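The values are calculated or read from the model by the stated rules, or taken from the named source; none is laboratory data. Please read all numbers here as calculations on a predicted model, not as lab measurements. Virtual Cβ from ideal backbone geometry, glycine too; neighbours counted across all protein chains shown.
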Amino acid sequence: MCRFKSFRLVVVLICGMLLFISGCHARQEKQQEALEQAVNSMNEAIDQFVDDKDRSPKSLEELVATGYLKEIPVDPVTRSNKTWLCLADEDTPDDGILDVVSGSETPDSDEGTYKNCP
C-alpha cells in the first residue's frame with residue numbers, strides 16, 4: 001500500500017512538471033506572437049508613412065502624431081514602449097526610421113546600426 005502511494009505521488013509530480021513546462025512554452029509562444037504583431041504594425045506604419053510623405057518618419061511619436069499608429073505598442077518582452085530599437089535612414093538628411101525591432105534583441109543589419117528609437 002505504501003509503495004502504491006509513493007508511485008502515485010511520483011506520477012502526480014511528473015504530471016505537474018509537464019503541465020508547468022507546457023504552460024511556460026504556451027506563454028512564450030503568445031509573447032512571440034504579440035512581439036511579431038507589434039513589430040509588423042510599426043514597420044507597416046513606417047512603410048505607409050514613407051509612401052505617403054516621400055520621407056522616413058523621424059520618430060515613433062511622429063507615427064502616432066500623424067495617425068499612422070494609435071499608440072506606440074508595448075514590447076511584450078521588455079514590457080515597455082520605450083525600448084524599441086530603430087534602424088536609422090543614414091542616406092537621407094532627415095535621418096528617419098527605416099525599421100523597428102525589439103529592444104530585447106541584438107539585431108544584425110547590412111543597412112546600418114540599430115539604436116534606441118528617437
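The table below lists the values:
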read-out: Subset of segment 59-83 (residues that are touching a Ser or Thr at 6+ places or on another chain (Cβ under 8 Å) and acidic (Asp, Glu)); value: Asp75
read-out: Test result for Val39, closer than 11 Å to Ser102 by Cβ and in contact with a strand residue (DSSP E or B) (Cβ under 7 Å, 6 or more places away or on another chain); value: yes
read-out: Which listed residue, of Lys58, Lys30, is in a helix (DSSP H, G or I), modelled with pLDDT of 80 or more and not β-branched (Val, Ile, Thr); value: Lys30
read-out: Candidate set: segment 103-118, residues that are part of a loop (DSSP other than H, G, I, E, B) and either on the phi > 0 side of the Ramachandran plot or at pLDDT 75 or above (or both); chosen: the one surrounded by the most Cβ atoms within 10 Å (Cβ to Cβ); value: Cys117
read-out: Residues of segment 31-47 satisfying the condition of being within 15 Å of Val64 (Cα to Cα), of a type in the set (A, V, I, L, M, F, W, C) and under 11 Å from the mean Cα position of the chain (by Cα); value: Ala38, Val39, Met42
